[in-house]
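The values are calculated or read from the model by the stated rules, or taken from the named source; none is laboratory data. Keep in mind it's a predicted model, so treat the numbers as computed, not measured. A quick note on method: Cβ atoms are made from the backbone with ideal geometry, for glycine too, and the neighbour counts reach across all protein chains shown. Areas reflect the complete protein model, heavy atoms only, side chains present, ligands, DNA and RNA absent. Shrake-Rupley method; radii C 1.70, N 1.55, O 1.52, S 1.80 Å.
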Amino acid sequence: MSRSVLISGASIAGPALAYWLNRHGFRVTVVERAAELRSGGYKIDLRGVTVEVAERMGIMDRVRELSTDMRDETFVDRDDRPLLTMPADFFAGRHGHDDEIMRGDLSQILYDLTKDDVDYIFDDSITELVDDADGVKVSFEKSPARRFDLVVGADGLHSNVRKLAFGPEPDFVHEMGYYAAICGTPNHLGLDRSERLYVEPGRTTNVYSTSRMAGAKALFLFSSEKLTYDHRDVATQKKIVADTFAGVGWRVPQLLESMWTAPDFYFDSLSQVRMDSWSRGRVVLLGDAGYCPSLASGQGTGLALVGAYVLAGELAAAGGDHVAGFAGYEREMRPYVEKNQKLGSQAVKQMVARSNAAIRMQLLMLRVMPKLPGSAAIMRKVMQPIHDAANGITLKDY
Ligand SMILES: Cc1cc2nc3c(=O)[nH]c(=O)nc-3n(C[C@H](O)[C@H](O)[C@H](O)COP(=O)(O)OP(=O)(O)OC[C@H]3O[C@@H](n4cnc5c(N)ncnc54)[C@H](O)[C@@H]3O)c2cc1C
């Protein structure tokens with residue numbers, strides 16, 4: 001019977017799993033490398049089954065209170081003249097009860113929900129995992145070594161637990177040839193729940209401001225050969241973005257200028273994690289650590305929240321037997337993960353057009369589509385893969 005669980009990572013997957021494990025009677029400790037809960041990040045969608053999980057956690061009302069409440073998205077030319085405006089829900093493929101929230105807000109909601117019942121250790125990291133028949137001996141950078149029945153890696157795309165228990169990152173992380181940088185920026189454009197997009201070949205820039213945001217957020221998305229850089233070296237990452245977007249028109253020079261001083265800078269490759277199995281012995285992976293679908297899918301948070309519900313539920317249903325619990329988790333989650341990863345691979349090509357002709361074609365399609373006979377059916381068809389992937393699992397009642 002496995003009862004004590006250590007989770008590495010306190011972003012989305014970690015606190016969500018902590019919530020469910022605690023409800024099922026497990027003793028939970030979460031270790032997070034950052035000194036405090038990390039804020040920042042882009043707006044993230046809660047679609048389909050994810051909304052159901054959030055409702056079962058009792059957080060959906062709070063999510064709606066903090067909703068980005070975005071209204072529209074406008075493609076602009078280099079002089080900021082509008083080329084095409086679309087409703088935000090259509091642009092993001094949201095239906096019915098789906099919603100959107102800032103990543104940092106969701107992480108805070110999940111932390112607040114669990115902080116009184118779960119032992120959080122910040123500013124520390126696992127250095128060694130020794131898995132024997134009875135449990136896992138865990139060594140930390142700072143805390144004394146301890147034993148746990150199970151260890152969960154919910155520590156993201158560059159998972160430390162995956163590296164320690166499964167092997168080196170390149171064996172599992174598949175880069176897609178694109179990179180994204182995200183940071184806060186002054187709201188020079190006076191945006192109110194709206195987003196502007198400016199596209200040049202291989203480089204896309206977005207700026208938006210939500211209902212509750214003092215400033216705005218900028219996204220720099222670009223295609224590139226594989227880049228080699230240190231994941232913790234923010235100065236080098238900023239330089240990569242500045243060099244890549246040098247000479248790009250519209251408000252990009254102004255955005256790059258404010259990027260240099262942005263405290264909430266986030267940079268990563270668009271990558272997918274693909275693994276034959278998410279568990280090894282008493283160690284299991286959750287969220288981006290095990291099956292990152294890439295930022296392009298818009299479903300990373302969904303997989304993390306649903307995965308947390310399923311992993312905790314399967315462990316509880318198996319009475320804490322980790323072999324049966326992990327097998328159930330794999331069986332329930334894998335088809336859902338595969339559908340959402342497929343979405344990521346397809347979406348990325350539309351987010352960064354490779355040539356001026358491709359940009360013109362994309363705008364033409366978006367402009368013409370709503371005017372075609374049977375346009376509603378066409379729109380539904382375009383959105384169907386997102387809807388199918390977001391609803392691609394039936395939740396069990398654990
Ligand atoms: C600050 C931040 C900003 C982000 N911004 C965006 C965004 O704008 N758009 C987007 O699509 N996705 C973003 N993401 C990723 C997004 O949150 C995930 O794709 C998704 O929500 C799945 O969450 P996750 O909890 O599995 O992984 P993540 O959200 O990546 O969280 C992993 C957590 O593990 C922690 N961690 C890492 N290494 C260790 C270690 N050695 N020991 C302990 N803890 C460790 C990290 O600090 C982090 O808190 C961001 C993630 C972070 C942390």
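Observations, loosely collected:
- Screening Lys142 on (1) within 29 Å of Leu295 (Cβ to Cβ); (2) within 16 Å of the ligand (Cβ to nearest atom); (3) outside any strand (DSSP E or B); (4) open to solvent by 20 Å² or more (accessible area, probe 1.4 Å) shows it passes everything except condition (1).
- Gly247 satisfies every condition listed in (1) over 24 Å from the mean Cα position of the chain (by Cα); (2) on the phi < 0 side of the Ramachandran plot; (3) of a type in the set (Gly, Ala, Ser) except (2).
- Among the residues making up segment 145-195, those that are over 24 Å from Ser39 (Cβ atoms), under 21 Å from the mean Cα position of the chain (by Cα) and either within 13 Å of the ligand (Cβ to nearest atom) or hydrophobic (A, V, I, L, M, F, W, C) (or both) are Arg162, Lys163, Glu169, Phe172, Val173, Met176, Tyr178.
- Looking only at residues in segment 81-125 that are within 21 Å of the chain's Cα centre (by Cα) and among the acidic types (Asp, Glu), the one that is modelled with the highest pLDDT is Asp112.
- Only one entry in Tyr291, Tyr309 is among the aromatic types (Phe, Trp, Tyr) and touching a residue at least 60 places away in the same chain (Cβ under 8 Å), namely Tyr309.
- Members of segment 1-16 that are modelled with pLDDT under 95 and either within 12 Å of the ligand (Cβ to nearest atom) or out of contact with any strand residue (DSSP E or B) (no Cβ under 8 Å at 6 or more places or on another chain) (or both): Met1
- Residues of segment 17-70 that turn out to be in a loop (DSSP other than H, G, I, E, B) and more than 11 Å from the ligand (Cβ to nearest atom), as a count: 13
- Residue check, Leu129 assigned to a helix (DSSP H, G or I) and within 14 Å of the ligand (Cβ to nearest atom): no
- Some residue of segment 87-107 being open to solvent by 20 Å² or more (accessible area, probe 1.4 Å), closer than 28 Å to Ser4 by Cα and polar (S, T, N, Q): no
- Filter result for Gly374 (in contact (Cβ under 8 Å) with a residue 40 or more places away in the chain and either farther than 18 Å from Val199 by Cβ or surrounded by 14 or more Cβ atoms within 10 Å (Cβ to Cβ) (or both)): no
- Filtered by the rule that a residue be buried (at least 19 other Cβ atoms within 10 Å of the Cβ) and either without any contact (Cβ under 8 Å) to a residue 60 or more places away in the chain or closer than 24 Å to His158 by Cα (or both), segment 241-264 gives Val241, Thr244, Phe245, Val248, Val252, Leu256, Met259, Ala262.
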